[in-house]
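The values are calculated or read from the model by the stated rules, or taken from the named source; none is laboratory data. All of these numbers come straight from a predicted model, not from anything done at the bench. In this analysis, Cβ positions are derived from the backbone assuming ideal geometry, glycine residues included, and neighbour counts consider all displayed protein chains.
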Amino acid sequence: MITAYVIEDRKLTITELNIQDTLPRGTIWLDLYKPDDEERDWLSSFSVEEVPDEEDINEIEASARFYQNSDGLHINSLFPQRVGQEVRGVNVSFNLRANFLLTIREEDVGLIRLLRNYLRLGRIEVTTPQALFLELFNLKVDYLSDLIEDVYTVLEEVGQQVFESSELDDVFKLITIQEDSNGKIRLSLLDTQRSLRYMQRYYRGQLTEEDLKDLREMLSDIESLMPHSQFIFDKLNFLLDAAMGFTGLQQNKIIKIFSVAAVMFLPPTVIASGYGMNFKYMPELDWHYGYPMAIVMMIGSAVGTYLFFKRKGWL
C-alpha cells in the first residue's frame, strides 16, 4: 500500500496511490506499507539506488542501517510496539530526501498511525521532510518514556505479590515479561540514539537551527532515560532473587514440618519396635497392663518431643 502526504497551501492531503499514479507535487511523506514487487518497481522508477527489501531493513550492521547515497540519508530504526503485555520491535526504513521523506515497513507501527492522526487533525504542522522525521522520532522517545513508566507500575504490583501471594508462578511470568520488555525498550533507546547521532554528525548541514535544537533535546531525553532502564534491570534482578528466596523459604517450612513430624514419631516407633520383637523371654509380655503402658509411653514420648520443640521455638 502506498500513501502520499501532500502539503498544498499549508493544507495536508492524504492520498492512497497505485502503481499507475505519479508522485503528486508537494509530497512531503511517502509511506510504503508491505510493498509488493510491482510497488517496489514503481518506487525504483524515481530512485537511483536499489529499493531495500525486508532483509535489508532488518539488517543489524551499522553500515547497513545508517548510510548516505544519491537518494539521500538512509536510516533503519527500531520502533517499539506493544502487543498485549509484551513489547516487540519493528524495523522501519527511512530515506530522507531533499523533497520528501520515504518510509518502508513490513508491519503496522502504532506511532506512524499516531503521527498520521496528528497530521490529519492539525495537531502537528510540518513543512519539511526533516521536521517530519524529527517529529516522528520525538513521538518515539515520548512513547519509550511511557513504556518505562508502565514497567515501573507493573514492578510495583509484582513487588507486593512476591510477599503476599502463595502461588508465585504468575509472579515469575510477569518478571520474565517485564525483563524482556525492558530489554526491547533499552534496545530501541540505543537504536534511536545512534540514529539521531548519525543524523547530527553527517546531516546537520540540511537541518535548520530549530531542527538541531529538537535533535539535541531528544538526545538529552534519551540520556536521561537510560539510567531508568538500568534501574529497572536491577529491580528485576532483585525481585527475581526475592521471589526465588521466598519460594525457598516456603519449601523449607514444608520440609521443616515433615522433619519435626518424623522426629516426633521416632520415640514411639522405638518403643513399638522394642515390644514388637518376637523373643520368648520378655517379662513385659506377661504384664496385665503391659499394652496400656506401651500406648501411654508412645503418646508421652511424642507429646514430650513436641513440647520440647515448641519451647525451643522450632515450631
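Key figures
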{"read-out": "Residues of the stretch 261-287 satisfying the condition of being loosely packed, with under 12 Cβ neighbours inside 10 Å, in a loop (DSSP other than H, G, I, E, B) and within 60 Å of the chain's Cα centre (by Cα)", "value": "none"}
{"read-out": "Extreme residue, modelled with the highest pLDDT, among residues of the stretch 160-171 that are in a helix (DSSP H, G or I) and in contact with a helix residue (DSSP H, G or I) (Cβ under 6 Å, 6 or more places away or on another chain)", "value": "Val171"}
{"read-out": "Residue that is surrounded by the most Cβ atoms within 10 Å (Cβ to Cβ) [pool: residues in the stretch 288-315 that are touching a helix residue (DSSP H, G or I) at 6+ places or on another chain (Cβ under 7 Å) and free of Cβ contacts under 8 Å to residues at least 24 places away in the same chain]", "value": "Ala294"}
{"read-out": "Qualifying positions in the stretch 254-289 - among the basic types (Lys, Arg) and not assigned by TED's automatic domain parsing to the domain that holds Phe308", "value": "Lys256"}
{"read-out": "From Leu119, Leu96, Leu134, residue being under 20 Å from Ile2 (Cα atoms), in the same structural domain as Ile7 (by TED's automatic domain parsing) and at pLDDT 85 or above", "value": "Leu96"}
{"read-out": "Output for the stretch 138-152, where each listed residue is within 23 Å of Glu125 (Cβ to Cβ) and touching a strand residue (DSSP E or B) at 6+ places or on another chain (Cβ under 7 Å)", "value": "Lys140, Tyr143"}
{"read-out": "Count - residues of the stretch 86-114 that are in contact with a Phe, Trp or Tyr (Cβ under 9 Å, 6 or more places away or on another chain) and under 17 Å from Leu32 (Cα atoms)", "value": "19"}
{"read-out": "Selection count, the stretch 219-246, where residues are hydrophobic (A, V, I, L, M, F, W, C), within 20 Å of Leu139 (Cα to Cα) and free of Cβ contacts under 8 Å to residues at least 60 places away in the same chain", "value": "2"}
{"read-out": "Lone qualifier among Pro52, Pro80 - being modelled with pLDDT under 80, touching a Ser or Thr at 6+ places or on another chain (Cβ under 6 Å) and assigned by TED's automatic domain parsing to the domain that holds Arg197", "value": "Pro52"}
{"read-out": "Filtered residue count, the stretch 63-110, keeping only those that are over 26 Å from the mean Cα position of the chain (by Cα) and of a type in the set (D, E, K, R)", "value": "2"}
{"read-out": "Filter result (modelled with pLDDT of 80 or more, of a type in the set (Lys, Arg) and outside any loop (DSSP other than H, G, I, E, B)) within the stretch 1-49", "value": "Arg40"}
{"read-out": "Every residue from the stretch 248-278 that is in contact with a helix residue (DSSP H, G or I) (Cβ under 7 Å, 6 or more places away or on another chain), among the hydrophobic types (A, V, I, L, M, F, W, C) and more than 16 Å from Lys312 (Cβ to Cβ)", "value": "Phe265, Ile271, Ala272"}
{"read-out": "Filter result for the condition that a residue is surrounded by fewer than 18 Cβ atoms within 10 Å (Cβ to Cβ) and under 24 Å from Asn58 (Cβ atoms), over Arg105, Arg116", "value": "Arg116"}
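Per-residue answers, yes or no, for (1) aromatic (Phe, Trp, Tyr); (2) assigned to a helix (DSSP H, G or I); (3) surrounded by fewer than 22 Cβ atoms within 10 Å (Cβ to Cβ):
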{"position": "Val126", "(1), (2), (3)": "no, no, yes"}
{"position": "Glu135", "(1), (2), (3)": "no, yes, yes"}
{"position": "Thr176", "(1), (2), (3)": "no, yes, yes"}
{"position": "Asp180", "(1), (2), (3)": "no, yes, yes"}
{"position": "Ser188", "(1), (2), (3)": "no, yes, no"}
{"position": "Gln193", "(1), (2), (3)": "no, yes, yes"}
{"position": "Arg201", "(1), (2), (3)": "no, yes, yes"}
